[in-house]
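One structure below.
The values are calculated or read from the model by the stated rules, or taken from the named source; none is laboratory data. Keep in mind that what you see is a predicted model, and the values were worked out from it rather than measured. Don't worry about glycine lacking a Cβ; one is built from the backbone with ideal geometry, like all the others, and counts go over all protein chains shown.
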Amino acid sequence: DGTPTSATIHADTPGPVYDRRIFTQFAEHLGNGIYGGLWVGNDKSIPNTNGFRNDVVAALRNLSVPVIRWPGGCFADEYHWREGVGPKAKRPVKVNTHWGGVTEPNSVGTDEFFELLRQVGAEAYVAGNVGNGTPQEMAEWVEYMTAPAGTLAEERAKNGHKEPYAVPYFGIGNELWGCGGNMRAEYAADVTRRYATFIKAPRGTKILKIAAGANVDDYNWTETMMRVAADQLDALSLHYYTLPQGGWPPKADPVNFGETEWADTLAKAVHMDELITKHVAIMDKYDPKKRVFLAVDEWGTWYAQDPGTHPGFLRQQNTLRDALVASIHLDIFAKHAERVRMTAIAQMVNVLQAMILTDGKKMVLTPTYHVFEMYKPWQDATVLPIELDTPWYGKGQFTMPAVSGSAVRGKDGKVHVGLSNLDPNQPNTVTAKLDGLNAATVAGRILTASAMNAHNSFDAPETIKPAPFTGAQVSGGTLSVTLPPKSVVVLDLQ
Ligand code: AHR
């Protein structure tokens, strides 16, 4: 029954906390990411609460989304917060120049974002405008959101919210090397210092400042930011998208693919491990105490858009392949949890590797959603180091370890083990020694399907969803699991 994997799970030497903020989600003013996907405003035909659709909010609540990053992305460096507050009829209608050239009604602005957070039960990660905004505009936005008193606090009260909002995370621009202003690393690091100076938290509160980090393997960017600006920062970001079939621009078909494209995609996801390792080595040089955390605040698959969808809306279907991309990432983040204390999948609804797809009244949960749901016990759990001695899987030039995994001791006291079999053809038998753990029972769930490209559609919304898993046994300090091909398995041991 397949090539075996041997593993050791070190419950006797627990590691760092698996920060719940690793499950942060990114929601940008892009395509139907906000409008239609989250916000339906006065559209009475779609049940909503204060404009936000009830079905989507309920699905997000079920994931315990810890933090939402908003309003971009590239949109953030062109966004002027003043245009999105106050009476809706007075808000200017702008053009979303970066995403599709469509109109941006500004119906969702700061106060609506905080209403969304309230409904979902998440915290704010607001990305400021460094690209074409001033430090003063940024400072006033922070004041509008957080000040207990003063003219801007009064304006906020007039707009319906007397109490200051909590802004635990603030991004100093986005992708300053690209859409955020095409800056050189040295210039961006100086600009970051300058803008960071004026982000001030009211007494008794804290705003963690996150700098716009590197793209993929731009190690010089990380080096420069850390050397020049680390003392002004709480975190540095990293953006890396899984881009199969030759990289940028995205060309891969989200649904119609074969095994070569499967292997290409998963190998690209596995590459995140090397990228984080190298960026972290640079951060370690400047910040050996690991005060500044790495926020991988954009990750996920980026394919060619679904046929017939609006150009620039980045709408893509999501298959079992995306589920594996998600579990691979969540496992890699466990390995680096000491430094990686926040990540954000791109994006929440209807954009790129989305959790949820909507079309008018209809909503569907993607395979990626199901992985996030299965991995919920990882939130704020303690990482248990795992060693995996696994055979290699490959197709053509694309090779990788066949099994990905991570283990944690959850806040519920149970040990949770995630194991994914990347091989779409062969099962894999994992025998794991449990050091320091005498578990008596194991229960589990599996996400798999007969086709690599299995996905949920509005007509067949439950084609792929988690099912009970009975292929694991535990006895005498050993866990034995037979992973079916192309599967994500999550086990609970106690
Ligand atoms: O997520 C889509 C875009 O990808 C973001 O706006 C930008 O930051 C990145 O290039």
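Let me spell it out: the conditions are (1) assigned to a strand (DSSP E or B); (2) under 25 Å from the mean Cα position of the chain (by Cα), and LEU434 meets all of them except one. Which number is the exception?
All conditions are met except number (2).
I'd like the full set of residues that are under 20 Å from GLY51 (Cα atoms), touching a residue at least 60 places away in the same chain (Cβ under 8 Å) and not in a strand (DSSP E or B), limited to the range 81-105.
Answer for the range 81-105, where residues must be under 20 Å from GLY51 (Cα atoms), touching a residue at least 60 places away in the same chain (Cβ under 8 Å) and not in a strand (DSSP E or B): TRP81, VAL85, GLY86, PRO105.
Note down all Cβ pairs under 9 Å where the first residue falls in the range 45-63 and is farther than 24 Å from MET374 by Cα, the second is surrounded by fewer than 18 Cβ atoms within 10 Å (Cβ to Cβ) and of a type in the set (Ser, Thr, Tyr), and they're at least six residues apart or on different chains.
Final answer for the pair search is GLY51/SER107.
For the range 210-252, how many residues are more than 19 Å from LEU352 (Cβ to Cβ) and over 18 Å from the mean Cα position of the chain (by Cα)?
18
For the range 374-384, enumerate the residues that are surrounded by fewer than 24 Cβ atoms within 10 Å (Cβ to Cβ) and within 13 Å of GLY444 (Cα to Cα). So that I can check it myself, show each step before the final result.
Of the residues in the range 374-384, the ones surrounded by fewer than 24 Cβ atoms within 10 Å (Cβ to Cβ) are 374, 376-377, 379-380, 382-383.
Matches in the range 374-384: MET374, PRO377.
Look at the range 258-305 and say how many of its residues are more than 16 Å from the ligand (Cβ to nearest atom) and either hydroxyl-bearing (Ser, Thr, Tyr) or not assigned by TED's automatic domain parsing to the domain that holds PHE372 (or both).
Adding up the residues that qualify gives 4.
Could you list, in sequence order, all residues of the range 1-51 that are away from the ligand (no atom under 16 Å from the Cβ), assigned to a strand (DSSP E or B) and within 21 Å of the chain's Cα centre (by Cα)? If you could, list the steps in order and put the result at the bottom.
Within the range 1-51, the subset away from the ligand (no atom under 16 Å from the Cβ) is 1-23, 36, 39-51.
Retained after the next criterion (residues that are assigned to a strand (DSSP E or B)): 5-10, 17-18, 39, 48-49.
Within the range 1-51, VAL17, TYR18, TRP39 qualify.
Filter the range 156-204 down to the residues that are in a loop (DSSP other than H, G, I, E, B) and touching a Pro at 6+ places or on another chain (Cβ under 8 Å), then identify the one that is nearest to the ligand (Cβ to nearest atom).
So the first thing to find is which residues in the range 156-204 are in a loop (DSSP other than H, G, I, E, B), and the list is 159-168, 173-184, 198-204.
From the residues that got through so far, the ones that are touching a Pro at 6+ places or on another chain (Cβ under 8 Å) too are 164, 198, 202.
Details: PRO164: 28, PHE198: 23, PRO202: 29 Å.
Top of the filtered list is PHE198.
Restricting attention to the range 323-361, report how many residues are part of a strand (DSSP E or B) and out of contact with any helix residue (DSSP H, G or I) (no Cβ under 9 Å at 6 or more places or on another chain). Explain how you work it out, then say what you get.
Our first condition is that a residue be part of a strand (DSSP E or B); within the range 323-361, this holds for 340-346, 349, 356-359.
Of the ones still in play, those that are also out of contact with any helix residue (DSSP H, G or I) (no Cβ under 9 Å at 6 or more places or on another chain) are 346, 357, 359.
The number of residues fulfilling the criteria is 3.
Is there a residue being touching a Ser or Thr at 6+ places or on another chain (Cβ under 9 Å) and in a loop (DSSP other than H, G, I, E, B) anywhere in the range 124-131? Break it down stepwise before answering.
Step one: of the range 124-131, the residues touching a Ser or Thr at 6+ places or on another chain (Cβ under 9 Å) are 125-126, 130.
Retained after the next criterion (residues that are in a loop (DSSP other than H, G, I, E, B)): 130.
Yes, some residue in the range 124-131 is touching a Ser or Thr at 6+ places or on another chain (Cβ under 9 Å) and in a loop (DSSP other than H, G, I, E, B).
In the range 222-247, what count of residues is obtained for those that are aromatic (Phe, Trp, Tyr) and modelled with pLDDT under 95? Quick ask: steps written out before the conclusion?
Filtering the range 222-247 for residues aromatic (Phe, Trp, Tyr) gives 240-241.
Those still in the list that are modelled with pLDDT under 95 too: none.
Selection size over the range 222-247: 0.
For the range 68-86: of the residues being away from the ligand (no atom under 16 Å from the Cβ) and not charged (D, E, K, R), which is surrounded by the most Cβ atoms within 10 Å (Cβ to Cβ)?
Start the filter on the range 68-86 by keeping residues that are away from the ligand (no atom under 16 Å from the Cβ), which leaves 80-86.
Imposing the further condition that a residue be not charged (D, E, K, R) reduces the set to 80-81, 84-86.
Working: HIS80: 14, TRP81: 21, GLY84: 23, VAL85: 21, GLY86: 15.
Among them, the one singled out is GLY84.
What number of residues within the range 288-304 satisfy the criterion of being buried (at least 18 other Cβ atoms within 10 Å of the Cβ) and either touching a Ser or Thr at 6+ places or on another chain (Cβ under 8 Å) or not hydrophobic (A, V, I, L, M, F, W, C) (or both)?
Step one: list which residues in the range 288-304 are buried (at least 18 other Cβ atoms within 10 Å of the Cβ), which gives 292-303.
In the following step, the residues that additionally are either touching a Ser or Thr at 6+ places or on another chain (Cβ under 8 Å) or not hydrophobic (A, V, I, L, M, F, W, C) (or both) were identified as 294-303.
Total meeting the criteria: 10.
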